[in-house]
Amino acid sequence: MFTNAQLRKMILPLFFEQMLVLMVGLADTLVVSYVGESAVSGVSLVNQFNTIFIYLFTALASGGAVVISQYIGRKANAAAGEAASQLMLFSAIFSTLIAVLVLIGNEVILRLMFGKVEDSVM
């Protein structure tokens, strides 16, 4: 169905995306490692929380790409454009809503997720 060259073209961006997700956590830890252990622990906990949303939006984009690709395959370019617009609108509204919820309930969310953590880490 696909040639090896086509698969490489598809797999390499996915590999680099995952590498960049990993590098975000490493860079955060490296930057705060000079402050102390509790700062590294705090950043590690928050990185786990951020990773959830990175994968959530990756799944959303992948699903949207599948739907848009099906429309393009059917030569329904107007429907593909509409689906892309809806995906962008939904992503913008959803990310804004999540951002507001996280900003309002940041400490409550962290306490629910990580339970009893030392105050210096929190």
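Since every read-out is calculated from the coordinates, none of them should be taken as a lab result. All values derive from a computational prediction rather than experimental measurement. All Cβ positions, glycine included, derive from the backbone under ideal geometry; neighbour counts span all protein chains shown.
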Of the numbered conditions (1) without any contact (Cβ under 8 Å) to a residue 60 or more places away in the chain; (2) surrounded by 11 or more Cβ atoms within 10 Å (Cβ to Cβ); (3) out of contact with any Leu (no Cβ under 9 Å at 6 or more places or on another chain), ILE68 satisfies every one except a single condition; which is it? (3)
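Any chance you could count how many residues in segment 102-114 are surrounded by 13 or more Cβ atoms within 10 Å (Cβ to Cβ) and closer than 17 Å to SER38 by Cα? Quick ask: steps written out before the conclusion?
Here is the first cut: in segment 102-114, the ones surrounded by 13 or more Cβ atoms within 10 Å (Cβ to Cβ) are 102, 109-111, 113-114.
Filter once more, so that each one left must be closer than 17 Å to SER38 by Cα: 110-111, 114.
Result for segment 102-114: 3.
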When you go through GLY105, GLY73 one by one, which is the residue that is more than 30 Å from VAL121 (Cα to Cα), without any contact (Cβ under 8 Å) to a residue 60 or more places away in the chain and either touching a Pro at 6+ places or on another chain (Cβ under 8 Å) or not β-branched (Val, Ile, Thr) (or both)? GLY73
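Among the listed residues SER41, SER33, SER91, which satisfies the condition of being in contact (Cβ under 8 Å) with a residue 24 or more places away in the chain, among the small types (Gly, Ala, Ser) and touching a helix residue (DSSP H, G or I) at 6+ places or on another chain (Cβ under 8 Å)? Walk me through how you get there before you give the answer.
Working: SER41 fails: touching a helix residue (DSSP H, G or I) at 6+ places or on another chain (Cβ under 8 Å); SER33 fails: in contact (Cβ under 8 Å) with a residue 24 or more places away in the chain.
Selected residue: SER91, the only one of SER41, SER33, SER91 that is in contact (Cβ under 8 Å) with a residue 24 or more places away in the chain, among the small types (Gly, Ala, Ser) and touching a helix residue (DSSP H, G or I) at 6+ places or on another chain (Cβ under 8 Å).
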When you scan segment 28-122 for helices (runs of 4 or more DSSP H) that lie fully inside it, which ones turn up with 1 or more residues that are closer than 30 Å to PHE15 by Cβ, among the aliphatic types (A, V, I, L, M) and more than 21 Å from the chain's Cα centre (by Cα)? 37-73, 77-104
Given (1) in contact (Cβ under 8 Å) with a residue 24 or more places away in the chain; (2) exposed (fewer than 11 other Cβ atoms within 10 Å of the Cβ), where does VAL117 come up short, assuming only one miss? (2)
